[in-house]
Amino acid sequence: MNFVAPDISPVIPEIFVLSMACLILVADLYLSDRFRIVSFLLAVGTLLGAAFLTLSDMGAERVYTFSNMFVDDTLSDVLKLAIYALVFVVFVYSRRYTQDRGLFRGEYFVIGLFGTVGMMVMVSASHLLTLYLGLELLALSLYTMVAFQRDSATATEAAMKYFVLGAMASGMLLYGMSMLYGVTGSLEIAVIKARVAELGVDNLILVFGLVFVVVGLAFKLGAVPFHMWVPDVYHGAATSTTLYISTAPKLAGFAILIRLLIGGLEDLSAVWQDMLIILAVLSIGIGNLIAIAQTNIKRMLAYSTIAHMGFLLLGILSATPNGYSSALFYALVYAFMSLGGFGMILMLSRKGFEAENLDDFKGLNQRSPWHAFLMLILMFSMAGIPPTVGFYAKFGVIQSLIDVGLVWLAVVAVLFAVIGAFYYLRIIKLMYFDDPETDAPVQATVDMQVLLSVNAWALILVMPWLGSIIDLCRRAIAGL
Amino acid sequence: MITNMQMVYIATPLSCLIPAIVAGLFGWKIGRAMTHTITIAGVALASLLSLIILNDVYSGGFFNGVVYVWGSSGGFPFEIGFLIDKLSAMMMVVVTLVSLMVHIYTIGYMHDDPGYQRFFSYISLFTFAMLMLVMSNNFLQLFFGWEAVGLVSYLLIGFWYDRETAIFANLKAFLVNRVGDLGFLLGIAAVFMYFGTLDYSAVFATAASKQNITMEIIPGQEWALLTVICILLFIGAMGKSAQVPLHVWLPDSMEGPTPISALIHAATMVTAGIFMVARMSPLFELSETALNVVMVIGSLTALLMALVAIVQNDIKRVVAYSTLSQLGYMTVALGASAYSAAIFHLGTHAFFKALLFLAAGSVIIAMHHEQDMRKMGGLKNWMPWTYITAVVGSLALAGIPPFSGFFSKDAIIEAVHASQLPAAGFAYIAVTAGVFITAFYAFRLLFMTFHGKPRMDEHTLRHVKESPMTVTLPLMLLAIPSLGIGAIYMEPMIFGDFFGNSIFVLPEHNVLELVGQSFEGKTGLSLLGSFIYHALHPGPLWLAVAGIVLAWFLYIERPEIPALIKQRLEWIYNILDKKYGFDEFNQFVFAQGARKVGNQLWQKGEVKVIDGFFVNGSARVVSLVSKVIRHVQSGYVYHYAFAMIIGLFLLLTFFLPVKQ
């Protein structure tokens, strides 16, 4: 038997982040609380280093390694870079918040980095095994992060729910995968694709497996009716954790959806298109409708996330390259909008006070016009009002629907987007037209102030480069 | 390649725009003296350049081209272009010269006003807009200039925005002009629809080929396209040039400062409609119906408004109604195809009417902003310069040779006399009667203000003095053209070939040539001489003299008679005093009616149906649904798991049998 050493060059960023996570874990043991900032800096530095490694290896060529289990292509590079950026900002945003609540511990960053490795593996998976490995690594990290605030009843309850439901969803996904394996005889996505092409769409077991796979993926994204965990977890977890869950993992979830449905099962698109239509319409509808009735802004944003995931599915279900790239663009835009939105909640919170109710935003304009304006940009972008990038994201998705003749679906999407605009605009109304309930000044660290301003303004100022970003998304999809 | 002349064309409007912007935005910083220095320098430069352009055009210069394309939509370019020919060059000179006089005058008149810099900014901006209007080579830019002069006009009518009457007049001018502008815009739209271009020369070149096209606006009624276009465009002119029944805004516009009344509401902006029709002569010539409409409207305005001027006691209102009447004369000339006579009268009127307004302003300053002529009298002893120049202006207005108004007005009367259109008979009577009335009210004003015994109170009388140099100098400068340009320019402008190709007249409509021929044949005198001679014979000149004599008799010799006449003929007086009830009618029917209809629509349509049912109704349904379905989120993990299982089974059952 010959042992051939695999080409490890495409995996270097993963190896780097993993080793650094282990290093921080050990180093943190020897740090006293005063020097905890070192762990933070190491974690942040790790992400910068990983970004450097990914960038330096960013070729147009698609490279497989570890016996075709791992792939390095444009899509994975783009998504990884976005994930580094998101996690980086998440760490910076949550620094003061976690310090104020005694959560500023090495484990937080270590687990965050493990989750990042999980996401990186998911993004680059070209084999059901690696895909599942990454997924579980991420999921376990997330369960732990939610439970991190262990003396909080809501946090532990949320973690329990998340864990139980997540385990169930993983089970379904695994079951679906086993069906695929049973029919095609392979776990390698490329091989599955070839076999599916031979078998055709009428294979009962294949469709049976597909349903389970779609259900598992829908749970990870939080699409209705597999969304029930989302509001409870977003609400129950510490806001810094919510920030983490609501941003980068969505990109990873999008990646496995693309890898599985398009990379492996595109020939079944006629079947999964109908499934996704059901999920998407339910998500946009239920998400937007229930969000209106929320008084807690974290819950409101949770339902808003569900609605956004519905939009994401709309892009994918058009089953055209344009649709996929518009969905990719939507996912990226969503992640950065959500980053800003939860970042805002973190910024308004202070020691012993959670700014998690809508009323906490009342009269923000009088307390701090600059922050009110940042929030205004974020809300406009989430509602999809031009000239923010959120508008172009929705526009692209709806355009791709119309291109394939699903006009009724486009109309439904626009109608619910209009209904959804209500709760985003309500926040603006509260900020600008109501009187504040407190006159406590908004205090935040300088790094966070700057980053959040950049975060929000980028949603408008990115306009001149919009074309090249959309182009990048196209290339990423074309390179699949 | 930009030639030197092209640089001049571009520099002319810009030399007004740039000072306007500087004065408007930085006036507070650069101070009063600096503000009037730069704006006056800008307008003086523009006048100089306009004279250069006129000179160049006179020696054969011509330009028609695009300067800048500012947008493009559906393959249609939006252009800024200039058409520089004799017509536009003459208009530019009139506009910039009068504007220059008004700028200088303003230094004295607005001396104590807190809005000094703002005022200068507006009038410079106005001059820019007016230049853009007259220099345009396409309908779009014409419309831009049209609206821009309108905008500045509204701003200036409401210049003293803390006066309720000024705000009312401002709103009225705005609303009435909306009516006219709607017609104008529809006219432009019709041109674009049928000609496919908005460029003057392209439209005029193909106009003759569209003569037989008809359009059906009301089903079953076929209307000639060109008639529709011309009448729509003329509705625009009626709004801007204040023709009956859209004239109601102009008397009220006197709420603005007097220099504005002189510049915008007498000399330049209100003549934009006249200019526009003259510019569109290749279109109007092809529609006799439109020409008849123009003539009827013009003669009605000329006669009715002159009658109203007789009973006015506010010095500025007399001049305002006189302006309306004179605009009517110009419109009549347009209807008779005597375009060059209309433009000639426009030019002479611009100078003598600006002169009269500024003289009235000078009187108002002396009287401490008292405008009622019944409280004036005998001012000639204290204000010699104002008096002399006012006499020049009044003689020009009354049409006494050799003052400029005589030549231009008589040319119009003769042209109407020679016209073969059906409306010409009525128009001839109206304009001839108008001569008598014009002379009467012009000298009524002069006599009531400057002659007789002083009727003001002691305090005012003691302070009456001649206005400062900045006020009297423009009066004198304006008196010169009021006196002179008529005799000098009549022959080339009206009977000669001054306007060349700028104005197009069909041979069968060419009344001016007819008039010219009839003079040349009869006497051995030159054309100018025989023109004056003719006026003496059966002529309108005697009517003017009679008007002056009557005014003298009634207001100097027997001042008690007017009161008697007023008593005896009270109903006529009331009609005139109420200005035929146009204002009441508009107020009652349009203003009240629109408000009633609006109220009904608001309460029934908007509040109940749209707001109540559609908007709030759907919002209520959404929030209800939202409140109900949020209870699905129970918080129990087994409910959640159950929902997932249900979802899974639904998907399974839904897809498996179908694919079986």
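The values are calculated or read from the model by the stated rules, or taken from the named source; none is laboratory data. Computed from a predicted structure; not experimentally measured. So basically every Cβ, Gly included, is an ideal-geometry build from the backbone, and we count neighbours across all protein chains shown. These accessible areas exclude ligands, DNA and RNA; they are computed on the full protein's heavy atoms, side chains included. Shrake-Rupley method; radii C 1.70, N 1.55, O 1.52, S 1.80 Å.
Just give me the residues in the range B:446-463 being open to solvent by less than 10 Å² (accessible area, probe 1.4 Å) and either within 16 Å of B:Pro259 (Cβ to Cβ) or among the β-branched types (Val, Ile, Thr) (or both), in sequence order.
Our first condition is that a residue be open to solvent by less than 10 Å² (accessible area, probe 1.4 Å); within the range B:446-463, this holds for B:446, B:449-450.
Hit for the range B:446-463 is B:Thr449, nothing else.
Taking A:Thr154 as the residue in question, decide whether it is assigned to a helix (DSSP H, G or I), in contact (Cβ under 8 Å) with a residue 40 or more places away in the chain and of a type in the set (Ser, Thr, Tyr).
On the way: assigned to a helix (DSSP H, G or I): yes; in contact (Cβ under 8 Å) with a residue 40 or more places away in the chain: yes; of a type in the set (Ser, Thr, Tyr): yes.
Considered against the rule, which asks whether it is assigned to a helix (DSSP H, G or I), in contact (Cβ under 8 Å) with a residue 40 or more places away in the chain and of a type in the set (Ser, Thr, Tyr), A:Thr154 comes out as yes.
Determine whether A:Ala223 is open to solvent by less than 10 Å² (accessible area, probe 1.4 Å) and within 11 Å of chain B (Cβ to nearest Cβ). Full working, then the answer.
Values: open to solvent by less than 10 Å² (accessible area, probe 1.4 Å): yes; within 11 Å of chain B (Cβ to nearest Cβ): yes.
In short, yes.
In this structure, does B:Ala267 turn out to be within 14 Å of the chain's Cα centre (by Cα), more than 18 Å from B:Gly434 (Cβ to Cβ), buried (at least 24 other Cβ atoms within 10 Å of the Cβ) and aliphatic (A, V, I, L, M)? Give the derivation first.
Numbers: within 14 Å of the chain's Cα centre (by Cα): yes; more than 18 Å from B:Gly434 (Cβ to Cβ): yes; buried (at least 24 other Cβ atoms within 10 Å of the Cβ): yes; aliphatic (A, V, I, L, M): yes.
So B:Ala267 fits the description; yes.
Kindly indicate whether B:Gly617 is under 23 Å from B:Phe168 (Cβ atoms) and out of contact with any helix residue (DSSP H, G or I) (no Cβ under 6 Å at 6 or more places or on another chain).
Working: under 23 Å from B:Phe168 (Cβ atoms): no; out of contact with any helix residue (DSSP H, G or I) (no Cβ under 6 Å at 6 or more places or on another chain): yes.
When the stated conditions are applied, B:Gly617 does not pass them.
So which pairs qualify, if the first residue must be in the range B:312-337 and open to solvent by less than 10 Å² (accessible area, probe 1.4 Å), the second must be of a type in the set (Asp, Glu), the Cβ gap must be under 8 Å, and the two must be at least 6 apart or on different chains?
B:Ile315/B:Asp372; B:Ser337/B:Glu285
Among the listed residues A:Gly236, A:Gly222, A:Gly216, which satisfies the condition of being at positive phi and in contact (Cβ under 8 Å) with a residue 24 or more places away in the chain? Quick ask: steps written out before the conclusion?
Working: A:Gly236 fails: at positive phi; A:Gly216 fails: at positive phi.
None of the others qualify; the one that does is A:Gly222.
Conditions tested, residue by residue: (1) in contact (Cβ under 8 Å) with a residue 40 or more places away in the chain; (2) within 25 Å of B:Ile229 (Cβ to Cβ).
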position: B:Ile107; (1), (2): yes, no
position: B:Asp112; (1), (2): no, no
position: B:Leu140; (1), (2): yes, yes
position: B:Trp146; (1), (2): yes, yes
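Taking the options A:Leu135, A:Leu128, name whichever one is over 20 Å from the mean Cα position of the chain (by Cα), in contact (Cβ under 8 Å) with a residue 24 or more places away in the chain and crowded, with 24+ Cβ neighbours inside 10 Å. Spell out how you get there, then give the answer.
Numbers: A:Leu135 fails: over 20 Å from the mean Cα position of the chain (by Cα).
Just one listed residue meets the conditions, A:Leu128.
Given the options A:Val196, A:Val230, A:Val213, A:Val207, name the one that is out of contact with any Pro (no Cβ under 9 Å at 6 or more places or on another chain) and either of a type in the set (Gly, Ala, Ser) or within 8 Å of another protein chain (Cβ to nearest Cβ) (or both).
Details: A:Val196 fails: either of a type in the set (Gly, Ala, Ser) or within 8 Å of another protein chain (Cβ to nearest Cβ) (or both); A:Val230 fails: either of a type in the set (Gly, Ala, Ser) or within 8 Å of another protein chain (Cβ to nearest Cβ) (or both); A:Val213 fails: either of a type in the set (Gly, Ala, Ser) or within 8 Å of another protein chain (Cβ to nearest Cβ) (or both).
Answer to the selection: A:Val207.
Of the residues B:Lys627, B:Lys608, only one is within 14 Å of chain A (Cβ to nearest Cβ) and free of Cβ contacts under 8 Å to residues at least 60 places away in the same chain; which? Let's see the steps before the verdict.
Details: B:Lys608 fails: within 14 Å of chain A (Cβ to nearest Cβ).
B:Lys627 is the lone residue from the list that is within 14 Å of chain A (Cβ to nearest Cβ) and free of Cβ contacts under 8 Å to residues at least 60 places away in the same chain.
Consider B:Val228 carefully, then state whether it is part of a helix (DSSP H, G or I) and under 13 Å from the mean Cα position of the chain (by Cα).
So B:Val228 fails the test.
Quick grid of which residues meet (1) among the hydrophobic types (A, V, I, L, M, F, W, C); (2) within 30 Å of B:Phe119 (Cβ to Cβ); (3) modelled with pLDDT of 90 or more:
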| residue | (1), (2), (3) |
| --- | --- |
| B:Phe143 | yes, yes, yes |
| B:Glu147 | no, yes, yes |
| B:Asn177 | no, yes, yes |
| B:Tyr200 | no, no, yes |
| B:Thr214 | no, no, no |
| B:Ile217 | yes, no, no |
| B:Glu222 | no, no, no |
| B:Val228 | yes, no, yes |
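If you take the residues in the range B:630-660 that are surrounded by 12 or more Cβ atoms within 10 Å (Cβ to Cβ) and among the β-branched types (Val, Ile, Thr), which one is nearest to the other protein chains (Cβ to nearest Cβ)?
Here the residue is B:Val637.
When you go through (1) over 20 Å from B:Leu303 (Cβ atoms); (2) touching a residue at least 12 places away in the same chain (Cβ under 8 Å) one by one for B:Arg558, which number turns out not to apply?
(2)
Filter the range A:233-261 down to the residues that are farther than 28 Å from A:Ser152 by Cβ and open to solvent by less than 10 Å² (accessible area, probe 1.4 Å), then identify the one that is farthest from the other protein chains (Cβ to nearest Cβ). So that I can check it myself, show each step before the final result.
Residues of the range A:233-261 farther than 28 Å from A:Ser152 by Cβ: A:254-261.
So of that shortlist, the ones also open to solvent by less than 10 Å² (accessible area, probe 1.4 Å) come out as A:254-258, A:260-261.
Values: A:Phe254: 20, A:Ala255: 22, A:Ile256: 18, A:Leu257: 16, A:Ile258: 20, A:Leu260: 16, A:Leu261: 14 Å.
The extreme case among them is A:Ala255.
Can you name the residue in the range B:563-583 that is among the charged types (D, E, K, R) and under 19 Å from B:Ala551 (Cα atoms) and, of all such residues, is most open to solvent (accessible area, probe 1.4 Å)? Working first, answer last.
To start, the set of residues in the range B:563-583 that are among the charged types (D, E, K, R) comprises B:566, B:568, B:570, B:577-579, B:583.
So of that shortlist, the ones also under 19 Å from B:Ala551 (Cα atoms) come out as B:566, B:568, B:577.
Values: B:Lys566: 92, B:Arg568: 192, B:Asp577: 66 Å².
Only one residue tops the list, namely B:Arg568.
Taking into account only those residues within the range A:149-159 that are surrounded by fewer than 21 Cβ atoms within 10 Å (Cβ to Cβ) and farther than 18 Å from A:Arg299 by Cα, which is farthest from the other protein chains (Cβ to nearest Cβ)?
A:Asp151
Out of all the residues in the range A:373-382, is one or more open to solvent by less than 10 Å² (accessible area, probe 1.4 Å) and within 30 Å of A:Trp272 (Cβ to Cβ)?
Step one: of the range A:373-382, the residues open to solvent by less than 10 Å² (accessible area, probe 1.4 Å) are A:374-375, A:377-379, A:381-382.
Cutting the leftovers down to within 30 Å of A:Trp272 (Cβ to Cβ) gives us A:381-382.
Yes, the conditions are met somewhere in the range A:373-382.
Listed residues A:Ser67, A:Ser94, A:Ser32, A:Ser39; which is open to solvent by 60 Å² or more (accessible area, probe 1.4 Å) and not acidic (Asp, Glu)? So that I can check it myself, show each step before the final result.
Numbers: A:Ser94 fails: open to solvent by 60 Å² or more (accessible area, probe 1.4 Å); A:Ser32 fails: open to solvent by 60 Å² or more (accessible area, probe 1.4 Å); A:Ser39 fails: open to solvent by 60 Å² or more (accessible area, probe 1.4 Å).
It is A:Ser67.
Output the residue which, of all residues in the range B:198-222 that are among the hydroxyl-bearing types (Ser, Thr, Tyr) and free of Cβ contacts under 8 Å to residues at least 12 places away in the same chain, is most open to solvent (accessible area, probe 1.4 Å).
From the range B:198-222, those among the hydroxyl-bearing types (Ser, Thr, Tyr) are B:200-201, B:206, B:209, B:214; that's our starting set.
Imposing the further condition that a residue be free of Cβ contacts under 8 Å to residues at least 12 places away in the same chain reduces the set to B:206, B:209, B:214.
On the way: B:Thr206: 56, B:Ser209: 88, B:Thr214: 70 Å².
So the residue we want is B:Ser209.
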